[in-house]
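J.: One structure, as structure tokens, below. Some questions next.
The values are calculated or read from the model by the stated rules, or taken from the named source; none is laboratory data. All values derive from a computational prediction rather than experimental measurement. Positions of Cβ are backbone-derived with ideal geometry, glycine not excepted, and every protein chain shown enters the neighbour counts.
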Amino acid sequence: MTRIMAATNAAGLTLMYAALAGAQSPAAGGGVGASSLSVLAGVAQNERRDLTASPLAFAGRGIDLTVNYARAIGSFTLDAAVQGGARRLASSDADPSSSERLTEGQLHVALLRRIDGAAASAPGFSVGLALDGSGAFTAHDYGHAGRPISNFVLGSAAIGPAASWKQRIAGGAATIALAAPAVAVVAHSYSVINRPTMGAELRFVTPGLWRGAGGTVTYAPADDRATGLVYRYRFSLLRYDDVQPVRAVTQSVSVGFTMRFGARRS
């Protein structure tokens, strides 16, 4: 897990450097624009099945917290978000006594460029690359006396294409962003990790084994506003065809506060 997060951070810094380098070229068109910092809180719904922990599917709700930083650099947009939360998941009626406590954390870094070369703050389509790092820690309670709670882990760092569409609506701006992994490095525990000698091995996977998608729908104040409320719907889908497969679906609805710094466009 430590190596995955180190690789994710390094790749994220590479994307940030590429954005800054692009801003200095003539093609960037417009120089450095506004930056924004948003903090959001909401509720997430998880549906999850990890055969390492149990053959049953689990579902439940919990808190979802997000800190999002975005910067317009000419025709480029650098978008970075840290998300996390905890949920209590219940099993199906086949075994109502068992439950899981899921703790998740994600790092998302995307570098996008307007396809028409216009300023990043203007409405339109952008395409680029996204890096996603995640860690999911599952505490599985079998619900039987004398059987201890077992811990499992699934960590990943994936990179793939990303796209976004921005449009001004009702005095604000709506943005739809999508990303899908092309390749990934995964650490999946095949047994409990309660003991120091038990852990997860790193594995390089291709889309044939690791398939997923994630996206957001965000409504924020217009670019000429320095502060305001921001609303976001987020989803993620995962299908990992490992020896012990994992299926996961997450949806969340959040609201928060955003602040903008630097040059702004109306």
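J.: Determine, yes or no, whether Arg234 is more than 29 Å from Gly62 (Cα to Cα) and either without any contact (Cβ under 8 Å) to a residue 12 or more places away in the chain or of a type outside the set (A, V, I, L, M, F, W, C) (or both).
T.: No, not satisfied.
J.: Out of everything in region 45-94 that is in a strand (DSSP E or B) and in contact with a helix residue (DSSP H, G or I) (Cβ under 9 Å, 6 or more places away or on another chain), what residue ends up being surrounded by the most Cβ atoms within 10 Å (Cβ to Cβ)?
T.: Phe76
J.: When you scan region 66-76, do you find a residue that is of a type in the set (A, V, I, L, M, F, W, C) and under 18 Å from Phe137 (Cβ atoms), even just one?
T.: Among the residues of region 66-76, not one is of a type in the set (A, V, I, L, M, F, W, C) and under 18 Å from Phe137 (Cβ atoms), which makes the answer no.
J.: Within region 112-133, which residues are among the small types (Gly, Ala, Ser) and touching a Gly at 6+ places or on another chain (Cβ under 7 Å)?
T.: If the condition is that a residue be among the small types (Gly, Ala, Ser) and touching a Gly at 6+ places or on another chain (Cβ under 7 Å), then Gly117, Ala118, Ala119, Ala120, Ser121, Ala130 are the ones that fit.
J.: State all residues of region 125-146 that are of a type outside the set (A, V, I, L, M, F, W, C) and either under 9 Å from Ala162 (Cβ atoms) or in contact with a Pro (Cβ under 6 Å, 6 or more places away or on another chain) (or both); if no residue qualifies, say none. Talk me through it step by step, then tell me what you get.
T.: Our first condition is that a residue be of a type outside the set (A, V, I, L, M, F, W, C); within region 125-146, this holds for 126, 128, 132-135, 138, 140-144, 146.
If the condition is that a residue be of a type outside the set (A, V, I, L, M, F, W, C) and either under 9 Å from Ala162 (Cβ atoms) or in contact with a Pro (Cβ under 6 Å, 6 or more places away or on another chain) (or both), then Ser126, Gly128 are the ones that fit.
J.: How many residues are part of a strand (DSSP E or B) and either more than 30 Å from Asn151 (Cα to Cα) or among the basic types (Lys, Arg) (or both) if we restrict to region 95-130?
T.: Here the count works out to 12.
J.: In region 144-185, what residues are touching a Gly at 6+ places or on another chain (Cβ under 6 Å) and either among the β-branched types (Val, Ile, Thr) or part of a loop (DSSP other than H, G, I, E, B) (or both)?
T.: The answer is Ala180, Pro181, Ala182.
J.: Mind checking which residues of region 115-133 are of a type outside the set (Gly, Ala, Ser) and either at pLDDT below 95 or surrounded by 24 or more Cβ atoms within 10 Å (Cβ to Cβ) (or both)?
T.: The answer is Ile115, Asp116, Pro123, Leu131, Asp132.
J.: Oh, and also: Name the residue that is modelled with the lowest pLDDT, counting only residues in region 134-186 that are over 16 Å from the mean Cα position of the chain (by Cα), surrounded by 15 or more Cβ atoms within 10 Å (Cβ to Cβ) and of a type in the set (Phe, Trp, Tyr).
T.: Result: Tyr142.
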